[in-house]
Structure formats: C-alpha cells, structure tokens
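**Q** Pasting in a structure now, in structure tokens, and then I'll have a few things to ask.
The values are calculated or read from the model by the stated rules, or taken from the named source; none is laboratory data. The shown structure was predicted, so the numbers you read here are calculated from the model rather than taken from an experiment. With ideal geometry, Cβ positions are generated from the backbone for all residues, glycine too; neighbour counts draw on all protein chains shown. Surface areas here come from the heavy atoms of the whole protein model, side chains and all, with no ligands, DNA or RNA. Shrake-Rupley method; radii C 1.70, N 1.55, O 1.52, S 1.80 Å.
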Amino acid sequence: MEMYGIGIVAVLGVLGLIALWLIFYFIPVGLWFSALVSGVRINLLQLVLMRWRKVPPSVIVSSMIEGTKAGLKLNPNELEAHYLAGGNVTNVVHALVSAQKASIMLDFKMATAIDLAGRDVFEAVQMSVNPKVINTPPVAAVAKDGIQLIAKARVTVRANIKQLVGGAGEETVLARVGEGIVSSIGSAASHKSVLENPDFISRVVLEKGLDAGTAFEILSIDIADIDVGKNIGAQLQMDQADADKNIAQAKAEERRAMAVALEQENKAKAQDARAKVILAEAEVPLAMAEAFRNGNLGIMDYYKMKNVMADTQMRESISRTDKK
C-alpha cells in the first residue's frame, strides 16, 4: 500500500508538471512581464489568444519592445495581422527603426506593403542609406566608323522607397543602361573620340532618365573599362564583296550553261539538216533511175552531170588546200 501511494503521488506530480507547462505555454506570463517592464502595454489575454491563432507571441512582443525603445508607436493587432498575411514582422520593425534613425520617410503601412510584395524592406532602407554598386556585363557597340567597342560600367543606385511596390528591379536597370551605352557609342562619329572621353557615355546615359519606373534611383554611371573589338565595318564590306563575287559567279555560270545549251541546240539542228541532206541525196539515184525509165534523161546528160560533179569536187579540194 505504501508503494502504491508513492506511485500515485509520482503520477500526480508528473501530471501537475504537464499542467503547469501547458498553463505557462498558453499563458505566457514571462513575455507579459518582459513587455511590462519594457514599457509595452499589452493584454495578457491577447497573448493567450495569439497562441490559439497560431501567432508566436514572442515575435510580436520582441518587435513591440524594439519599436517602443526606438520611439515608435506600434499596434499589436497590426503586427499580428501582418504575420497572419505571411509577412516578416521582425524585418518590418527593423526597417522602421532604421528608417527613423536615418530620417527616411517610411510608415508602417508602406513597410508592410513592401514586405508583402516580396522585397526585403530592411535591405531597401539600408540601400537608401548606403547606395549599392551594380556591375554591368560587357556591352558591345559599334561606332559610326565601324569599330566595335566593348564597355563595362559601374552603376551606383539608391533604393527608391516609394517605387519598391510595382517598380522594376535590377535587371531592368541593367538592360536600360546597356541600351544607353549602345546608343551613345553608336552615335559617336569615331571610336577614338569615345576612348578619349569615356565620360561622354556616362553623360548621355544619365540624361535619358533610365531609372524612371524602377525601384532605384541612379546616382552615377561610371565606365570601368573599354576595349576595342573587331572592325565590323571592314568585316561587313568583306562579306558584301564575297556576296557580290558569289552572285557574279552564279550569273556567269548561268550564262555559260545557256551558251552550252544553245550550242547543243545548234548542233542538233545541224545534225538534223545533214540528215535531211543525206536523205535527199539518197533520193537522187532513185530520181535518176526513174528519169532514165521515163526517157527524161539520156546517157549524155548523165555523163555531163558526172563531169560537173567531179569538177565541183576538184574545185572544193583546191580551195581547202589554199586555205591551209
């Protein structure tokens, strides 16, 4: 019985500890007391309800303590609503404190909107105080004299708090700067003038207002490096000359093919004519035989014709010999 009583006491002790832990878990007296001594007025019942709403009271209380010590007036209900919306309460409060210390106009509504938009509001405040340098990739452009230049630039930007929601990001700034570099180099009469005065590119690009509609404000554009690339003008002329040569060769080949075809056609016509002559000559003996039978041709006429033909052949052979 005595052992049985000790066991019951042990079980009751464990149950008591569990109950005590549950009480202190759902009723965060320690957090409430920390807030109280820090000058933060928050209801203990509200901390209990945060547990039921699955909002960590430690995040809300620590953020309110940080804001109160910095002189900010924060509403726990607004902080809780921002947490339930998926926002980063701690980051927002850090940003508000930093903005106040740096005299940057940033209220709670704008900070939460920036945070819910997916941007790091604390980093944006830091970038407003300490501008960021963005290095552009190599940008190739061609001056009017046909020489290619490859430029690299350093763009110093500062976050534009008012444009963080809905404003374009770094990729857009880099694309616009690259476009400005290409336009400024392309408008130069000679690549030598660009190499002598690289600040010409910076002036032209800055005058275009490339930061409009972006989440950044461009402070400066510095040309870090310019390299001379290919002679694009000469390369284009060589390509054009090759193209013209190929076209001329194609036309000459076409004319040659037409001449060959015409020659073959003429040969075919000549062969056809010779065939007709041979056929006609083959009919001569038949005609003579018919003339003999009908009495239209005598033997003396036949010998006279043979003499004429022999004389003609002799004259032709003599003329060929004289030509040689």
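**Q** Compute the accessible area per residue over segment 86-174, keeping the other protein chains in place, probe 1.4 Å, unit Å². Working shown, then result.
**A** On the way: 4380 Å² over 89 residues.
That works out to 49 Å² per residue.
**Q** Carbon-plus-sulfur fraction of the accessible area of segment 163-299, 1.4 Å probe, in percent? All intermediate terms of the calculation are to be shown ahead of the outcome.
**A** Details: 5110 of 9110 Å².
Heavy-atom surface of segment 163-299 belonging to carbon and sulfur, 1.4 Å probe: 56 percent.
**Q** Any idea what diffusion coefficient segment 124-232 gets from Stokes-Einstein, in µm²/s, Kirkwood Rh on alpha carbon pairs, 37 °C, 0.692 mPa s? Walk me through the intermediate numbers first.
**A** Values: Rh = 14.2 Å.
Result for D is 231 µm²/s.
**Q** Among the listed pairs Lys132/Lys162; Lys109/Lys208; Lys192/Lys230; Lys276/Lys306, which are separated by more than 26 Å between their Cα atoms? Write down the numbers at each step before the final one.
**A** Details: Lys132/Lys162 17 Å; Lys109/Lys208 33 Å; Lys192/Lys230 14 Å; Lys276/Lys306 22 Å.
Beyond 26 Å between Cα atoms: Lys109/Lys208.
**Q** Sticking with this structure for a sec: How much of Arg256 can a 1.4 Å solvent probe reach, expressed as accessible area in Å² and rounded to 10?
**A** 130 Å²
**Q** State the extension gain, in nm to one decimal, for the chain segment bounded by Ala289 and Gln313, taking 0.36 nm per residue of separation less the distance between their alpha-carbons.
**A** Values: separation 24, 0.36 × 24 = 8.64 nm, distance 2.29 nm.
Net length gain for the segment: 6.4 nm.
**Q** Could you compute the FRET efficiency for Ile278 and Arg255, with r as their C-beta to C-beta distance and R0 at 30 Å, rounded to 0.05? Walk me through the numbers before you get to the answer.
**A** Numbers: r = 35 Å, r/R0 = 1.15.
Efficiency, from the Cβ-Cβ distance: 0.30.
**Q** So between Ile232 and Val129, what do we pick up on full extension, going 0.36 nm a residue minus the alpha carbon distance? Before the final figure, lay out the partial values.
**A** Details: separation 103, 0.36 × 103 = 37.08 nm, distance 4.39 nm.
Gain on extension, Ile232 to Val129, equals 32.7 nm.
**Q** Moving to a separate point now. Find the centroid of the Cα atoms in segment 193-271 and in segment 100-143, then give the distance between the two in whole Å.
**A** For segment 193-271 versus segment 100-143, the Cα centre distance is 41 Å.
**Q** So if we plug the beta-carbon distance of Ala85 and Leu219 into 1/(1 + (r/R0)^6) with R0 = 30 Å, what FRET efficiency do we get, rounded to 0.05?
**A** Values: r = 34 Å, r/R0 = 1.12.
After rounding, the FRET efficiency stands at 0.35.
**Q** For segment 196-299, what is Rg from Cα atoms divided by 2.2 N^0.38 Å, rounded to two decimals?
**A** Working: Rg = 41.3 Å, N = 104, 2.2 N^0.38 = 12.8 Å.
After normalising by residue count via 2.2 N^0.38 Å, the value is 3.21.
**Q** Report the calculated FRET efficiency for Leu195 and Asp242 (r = Cβ-Cβ distance, R0 = 30 Å), to the nearest 0.05.
**A** Numbers: r = 30 Å, r/R0 = 1.01.
The value I calculate is 0.50.
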